[in-house]
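Visitor: Supplied in structure tokens, the structure appears directly below.
The values are calculated or read from the model by the stated rules, or taken from the named source; none is laboratory data. Treat the numbers as computed from the prediction; the structure is a model and nothing was measured. Don't worry about glycine lacking a Cβ; one is built from the backbone with ideal geometry, like all the others, and counts go over all protein chains shown.
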Amino acid sequence: MIYFILCLLAWFPYFFLRTKKALHMLQQNLYNRNSRYIKWIGMNRLKVFTLIDLLPLALALIFYFLKNHVIITILTVIVYGIAFIKTYDKMKNEQTKLPLVFTDRIKRIILTTFILYLIPTIIIISYYDITDLNDYLYIYILLAYLQYFIVLLSVVINIPVEKLVYYYYFNKAKRKLNNMPHLKVIGITGSYGKTSSKNILNDILSIKYNTLPTPKNYNTPYGLMITANNYLDKFTEILIAEMGAYKKGEIKELCDFVHPKYGILTKIGKAHLESFGSEEIIQKTKFELIESLPSDGIGILNGDDPLQINYKLQNNCKIKWIGIDNKDVDVRALNIKSSNEGTTFDVMFKSDKKKYPFETKLLGYANVYNILGALALGYELGITIKELQRAVKRVKPVEHRLELKKYLDMFIIDDAYNSNPVGSQMAIDVLGTMPGKKIVVTPGMTELGDIQYDENKKFGVSISKVCDEVILVGKKQTKPIQDGLKEAKYSSKKIHIVNDVKEALALLPKLKDKDTYILLENDLPDMFNE
């Protein structure tokens, strides 16, 4: 028995690290929502089964020829000691952007995983036979090697428990919302700019109302439940609910939960095309918000977005159109000018045809659209134009979304939250308006399905027209951008390939000039690390 216990003690630290990594990737892949975790495993086999992880398997082969328990124990301690040290060093040196968060759900998965390992351990101890030591160790070697799948099995086992937890908090939040009949609910969805639009709308409406936006990027049923249960109080007049989706019907589900009376649709495009399947399905899914509004509700649509103009709306609620290029809209921005201090523009309201000047610290046309959406709805909710002008001026930059900030003696345009074909082009356009040397740091775009290569290649071509230097994060995943730069005959001497953003930031001082602006476009989660 002592040999078995010593082997388990040597095995456990390595198993612990492997479990932690598996849980981290599970969490970043939304607990296998829409099979994201399974797809990640399929696309990252060399991360799931590294050379280090083959060491214990090699040990199992050696065991076949050994019968001496002392030698078996010594070899087990040595091999798992090496595997632990190598795995620990690798994990310690990884640049972790979003660490594993030990939520209640993660704790339940850990408990289930522990029970799955406890069952064979109890059986082995109860019927322990010294002659079967090799066979016992085979079980643990194999289980640790397959730990990413054991964690997935725990998720499957926990489905009934998670449903009970979900319905408990759902009903609690529903009762709270039902007891606030005077609460105005505004839904915001779209392919791009949801969080920026939500934060901007909150800053503008809060000049007159007591508003509550969903925190961070809480845009799922769980996020809305947490918001209602933990943040909503009797003083809240307006709830601003960001609504995200990966497949058809998910926006409708959120609307059935919080019942928005007002809705803002940001730009529709190819974000998450891989999970949706087609642009048409994305379009229909986003319009689930507007089609869920009551007849006395108000929907805010973008008159410059063909996917919104051409959609046959199945609803009779009031619609207000915003735009920049389209002259036939209800609220339009003109004379847009950007600098390193922000953006100025004029706004025309269809009701009076006058031009009203606005200024903001925010950058880019994308944020002008977001402001227009907030102005259109704020105006309908009785906020005066003078109040709107004052509110827009005080709107705070949204973190990691075209956020201009100082880095050493350089300026960074931080657009690291995520990236998509429309947003990346807008970010490049913003960089192009800046004086001095221009550098882009990017790993490219993901989750675009079959069009991912082509869109990243186009991005490379766009980069070549604006940037003086290019820093690409990840050699493999930026191959399409490299091809686009090459096609545009961009100098290879100005292309720098690094492994992570940390390495890119260390390189910037060597590339800077007197006036230098750096666009940080996208910062992929840890599951994309090469």
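Visitor: If we scan the stretch 415-430, do we find a residue that is touching a strand residue (DSSP E or B) at 6+ places or on another chain (Cβ under 9 Å) and free of Cβ contacts under 8 Å to residues at least 12 places away in the same chain?
Guide: Looking through the stretch 415-430, none of the residues is touching a strand residue (DSSP E or B) at 6+ places or on another chain (Cβ under 9 Å) and free of Cβ contacts under 8 Å to residues at least 12 places away in the same chain.
Visitor: Say we look at the stretch 38-95 and pick out the residues that are of a type in the set (Asp, Glu) and modelled with pLDDT of 85 or more; which of these is nearest to the chain's Cα centre (by Cα)?
Guide: So the residue we want is Asp89.
Visitor: Residues of the stretch 411-458 being small (Gly, Ala, Ser) and over 20 Å from the mean Cα position of the chain (by Cα), which ones?
Guide: Gly432, Gly436
Visitor: Is at least one residue of the stretch 365-382 closer than 27 Å to Gly323 by Cβ, assigned by TED's automatic domain parsing to the domain that holds Asn199 and in a loop (DSSP other than H, G, I, E, B)?
Guide: Yes; the residues of the stretch 365-382 include at least one that is closer than 27 Å to Gly323 by Cβ, assigned by TED's automatic domain parsing to the domain that holds Asn199 and in a loop (DSSP other than H, G, I, E, B).
Visitor: Return a yes/no flag: does the stretch 150-173 have any residue that is in contact with a helix residue (DSSP H, G or I) (Cβ under 7 Å, 6 or more places away or on another chain) and at pLDDT below 90.
Guide: no
Visitor: Right, something else. Among the candidates Val331, Val347, single out the residue that is in contact (Cβ under 8 Å) with a residue 40 or more places away in the chain, on the phi < 0 side of the Ramachandran plot and touching a helix residue (DSSP H, G or I) at 6+ places or on another chain (Cβ under 8 Å).
Guide: The conditions single out Val331.
Visitor: Determine whether the stretch 382-396 contains at least one residue that is within 21 Å of Tyr517 (Cβ to Cβ) and of a type in the set (Val, Ile, Thr).
Guide: No, every residue in the stretch 382-396 fails to be within 21 Å of Tyr517 (Cβ to Cβ) and of a type in the set (Val, Ile, Thr).
Visitor: For the stretch 144-174, what are the residues that are among the basic types (Lys, Arg) and either in contact with a strand residue (DSSP E or B) (Cβ under 6 Å, 6 or more places away or on another chain) or surrounded by fewer than 12 Cβ atoms within 10 Å (Cβ to Cβ) (or both)?
Guide: The one that is among the basic types (Lys, Arg) and either in contact with a strand residue (DSSP E or B) (Cβ under 6 Å, 6 or more places away or on another chain) or surrounded by fewer than 12 Cβ atoms within 10 Å (Cβ to Cβ) (or both): Lys163.
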